[in-house]
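Q: Sharing a structure below in structure tokens format, with a few things to ask.
Where a number appears in this text, it was derived from the coordinates with a stated rule and is not lab data. On a predicted model such as this, the values are computed, not experimentally measured, just so you know. Here the Cβ is made from the backbone with ideal geometry for all residues, glycine too, and neighbour counts use every protein chain on show.
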Amino acid sequence: SSTPSSNFLRTIIENDLAANRFAGKRWAGRPGPLSVQQNGSPDPAKIRTRFPPEPNGYLHIGHAKSICLNFGLARDYQGTCHLRFDDTNPEKEDDEYVQSIIDTVKWLGFNWQYEGETNLYYASDYFDTMYAFAQALIQAGCAYVDEQTPEQMRENRGTLTEKGKNSVWRDRPAEESLQRLEEMRDGKHPDASMALRAKIDMGSPNINMRDPVLYRIRHAKHHRTGDKWCIYPMYTWAHPVEDALEGITHSICTLEFEDQRPFYDWILARLAELGQLGEPLPRQYEFARLNLNYVITSKRKLLQLVREGHVQGWDDPRMPTLAGLRRRGYTPSSIRLFVERVGVSKADSRIDYSTLEQALRDDLDPVADRSVAVLDPVKLIITNYPEEQTELCHAPRHPHHPEAGQREFPFSRELWIERDDFREEPPKKYFRLFPGNTVRLKYGYIVTCTGCVKDEDGNITEVHAEYLPDTKSGTPGASSVKVKGNITWVSVKHAVPATIRLYDRLFADPHPDAGDKDFLEALNPDSCQTIEGWLEPGTVAAPGKTWQFERLGYFVADQVDSTPEKPVLNRAVTLKDTWV
Ligand code: ATP
Ligand code: MG
Ligand code: MG
């Protein structure tokens, strides 16, 4: 693999390692499989990162940036990266999503299995610890149960220009808050009737520091803990605790969490003071999220596309999910290459969709088998070629890999060619078939077009030509006649029929969900065209197999719908950039 380019996060990590920031330090107790280290055995001086998806949808191309970044840093600096399910929102989460996330991270080529450690975690495994930490915060005067209504809380939070107001419950005795928290946990109070808040500063210029909520009541079944809990931690409270419990050193998140960093640090500092956590504490760093033209990456909106049937599922080949891109024909290495090219920075930007497509071309070009297909077929009849005769033609499996050898396929009297490769009346600079013109049938003979046959409606049903016997590719006389046109073909008797899906962008608007636009209105009504075409004889379309069809692009046998007997192919990407 190539050397990763430097970025601000690498600089931070290199400085931390040079300063020996993690050496000899004792980690706070970690629950679960890492409990061996709870007794204070020193962790080796290495970095720990994490990828923390919420299991409320399938991973998308934006997540790929975070996955490659976090797992990539751990790999490059001999550290470890955790896969952690941030499952603190019971209503939206599901085991189906957990499984798809596990599969996708593995598919991308990353692993949370290290020598002696399986670094797969669930935030819900820490619910007991978080509860104990909350009690400690209350006891220390750092948190209180607020019984204001949600409306009162919102009102008293203030605005950017106006300070917030203290709740009447803010200075209640710790004993009372502890009692209420217990009642909340025991299901004695309805949703939204009260909440546990951090006691920080209602006058802070940073609204996130105005006594943020730690726990809210949610009488909801959790996909892992079932009905055990009816209070759930807020993300901003849960996240620093999860990071600290796992000994994360660099907690990398997207820029919108920058304003939350003071709260992240506040929580960790209080818990450290209370002896609940040890040094070194995790630190949060922010990077710019991936924004891709013509693509939406909000899980809520992607879920809506699935639920309302605008696409055929999370893995529809038009979806920006990694499952969709995979079905579309994207390889793990093409996505890693894309992420590497996009780079990591602290400035928001938009990436053009063509960058993603070019990464796929660059990844597949050196490895994809070459083959021939005809997508929009019309018959070409070689009128002077004997009816029963066939002979083999040869072509390289890969033009840059002669060692891969040759493929062979038959030539016969009747061939399929692309309808567009014949014109009765050629426009200027048209070098393909038209009456009187001579072209090479690639890997076969040179032919001269003699005319065509049409039906009653004037549609061309057959093109006719005569071949020049001594011109077969690879034979001594082959180059005696010079021609400008070179067209692809497959033998009618031998070709393999296939259903082929040609995809276009899912959205017709480069910014489908900018501002308050309705992203559904930006859907491209012609994003999938299904056709019946013909493949080079001998093509075995095993699901997931990829080819470059000459002149047409890169195609993959669909993983769900294709069988060797009845191939269904997706066009992954055209050969050249056709996006404007
Ligand atoms: P959504 O808001 O659509 O639910 P999310 O960001 O909340 O998405 P998570 O499952 O919480 O989704 O994301 C897991 C990780 O992936 C987070 O650390 C998040 O920062 C990162 N991530 C999500 N989207 C992007 C993106 N477009 N670019 C880079 N990283 C992203
Ligand atoms: Mg999230
Ligand atoms: Mg989110």
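Q: Leu569's amide H: which non-local residues (gap 5+, or another chain) put their own amide H closer than 5 Å, with H modeled 1.01 Å from N in plane and none for Pro or chain starts?
A: Thr499, Ile500, Arg501, Asp558
Q: Give the angle, between 0 and 90 degrees and rounded to the nearest 10, that separates the Cα long axis of helix 174-185 from the longest principal axis of the Cα atoms of the chain.
A: Approximately 40 degrees, to the nearest 10.
Q: For the chain, what is the calculated [θ] at 222 nm in deg cm²/dmol (nearest 500), taking -39500 (n - 2.57) for each run of four or more DSSP H residues and dividing by its residue count?
A: Value at 222 nm, helices only, nearest 500: -7000 deg cm²/dmol.
Q: I need to check one value: relative contact order of the chain, counting alpha carbon pairs closer than 8 Å and at least 6 residues apart, in percent.
A: With pairs under 8 Å counted, the relative contact order is 11 percent.
Q: Here's a follow-up. Each residue of the stretch 509-523 in order: what ³J(HN,Hα) in whole Hz does its phi give by Karplus 6.51 cos²θ - 1.76 cosθ + 1.60, θ = phi - 60°, with x for Gly and Pro?
A: Computed from phi, the couplings for the stretch 509-523 are 10, x, 10, x, 10, 6, x, 10, 4, 8, 5, 5, 5, 8, 4 Hz.
Q: While we're here: Which whole-angstrom value gives the distance between the alpha carbon centres of the stretch 305-331 and the stretch 515-530?
A: When both Cα centres are located, 14 Å separates them.
Q: Project the alpha carbons of the stretch 129-231 onto their principal axes and report the range along each, largest first, in whole Å.
A: Per principal axis, max minus min of the Cα coordinates gives 42, 26, 20 Å.
Q: Moving on to the next point. Over all pairs of distinct alpha carbons, what does the Kirkwood formula give as the hydrodynamic radius of the stretch 530-578, in Å?
A: So the Kirkwood estimate lands at 11.1 Å.
Q: Which percent, to the nearest 5, of DSSP beta bridges fully inside the chain are antiparallel?
A: Restricted to the chain, the bridges split so that about 65 percent are antiparallel.
Q: So who's got an amide H within less than 5 Å of the one on Gly79, skipping anything under 5 residues away but keeping other chains? H placed 1.01 Å off N, in plane.
A: Those qualifying (amide H under 5 Å, at least 5 residues apart or on another chain) are Ile47.
Q: What does DSSP give for the stretch 377-493 in terms of the percent of beta bridges that are antiparallel, rounded to the nearest 5?
A: Roughly 75 percent of the beta bridges in the stretch 377-493 run antiparallel, per DSSP.
Q: What are the aspartates and glutamates whose alpha-carbon lies under 12 Å from the alpha-carbon of Lys545, with same-chain residues fewer than 8 places away excluded?
A: Asp369, Asp558
Q: Looking at the square roots a ≥ b ≥ c of the eigenvalues of the Cα gyration tensor of the stretch 204-251, which shape do they give, rounded for a/c under 1.5, prolate if a/b is larger than b/c, or oblate?
A: In terms of gyration-tensor shape, oblate.
Q: Would you kindly derive the ³J(HN,Hα) couplings of the stretch 319-324 from the backbone phi angles with the Karplus curve 6.51 cos²θ - 1.76 cosθ + 1.60 (θ = phi - 60°), listing them in order in whole Hz, with x for Gly and Pro?
A: Whole-Hz 3J(HN,Hα) from phi for the stretch 319-324: 6, x, 6, 5, 5, x.
Q: Now for a different question. Which entries in the list Lys92/Lys228; Lys221/Lys301; Lys163/Lys301; Lys165/Lys346 go over 26 Å, if you measure between the two C-alpha atoms of each?
A: The answer is Lys163/Lys301; Lys165/Lys346.
Q: Under a 5 Å amide H to amide H cut-off, with H placed in plane at 1.01 Å, what residues pair with His60 once short-range neighbours are removed?
A: Leu322
Q: Now for a separate question. By per-residue mean of other Cβ atoms within 10 Å, what is the highest-first order of 313-324, 76-87?
A: By packing density, highest mean first, the sequence is 313-324, 76-87.
Q: What percent do you get for the relative contact order of the stretch 377-493 when only Cα pairs under 8 Å and 6+ apart count?
A: RCO, the stretch 377-493: 30 percent.
Q: Follow-up. Could you state the orientation-averaged shadow area of the convex hull built on the Cα atoms of the stretch 431-580, in nm² to one decimal?
A: 12.9
Q: Using the Karplus equation 6.51 cos²θ - 1.76 cosθ + 1.60 (θ = phi - 60°), what ³J(HN,Hα) coupling, rounded to whole Hz, does each residue of the stretch 195-201 give in order, writing x for Gly and Pro?
A: Ordered by residue, 3J(HN,Hα) equals 8, 8, 10, 6, 9, 10, 6 Hz.
Q: If you line up the Cα atoms of the stretch 377-493 on their principal axes, what length do they span on each, largest first, in Å?
A: 50, 34, 24
Q: Let me ask something additional. Just need the relative contact order of the stretch 129-231 here, percent rounded to a whole number, with Cα pairs under 8 Å and 6+ apart.
A: 28
Q: Here's something else I'd like to know. Once the convex hull of the alpha carbons of the chain is built, what does its volume come to per residue, in cubic angstrom?
A: Dividing the Cα hull volume of the chain by its residue count gives 193 Å³.
Q: Would you compute the Debye intensity of the stretch 226-360 from its alpha-carbon atoms alone, equal scatterers and no solvent, and pass along log10 I(q)/I(0) at q = 0.21 Å⁻¹ to two decimals?
A: -1.16
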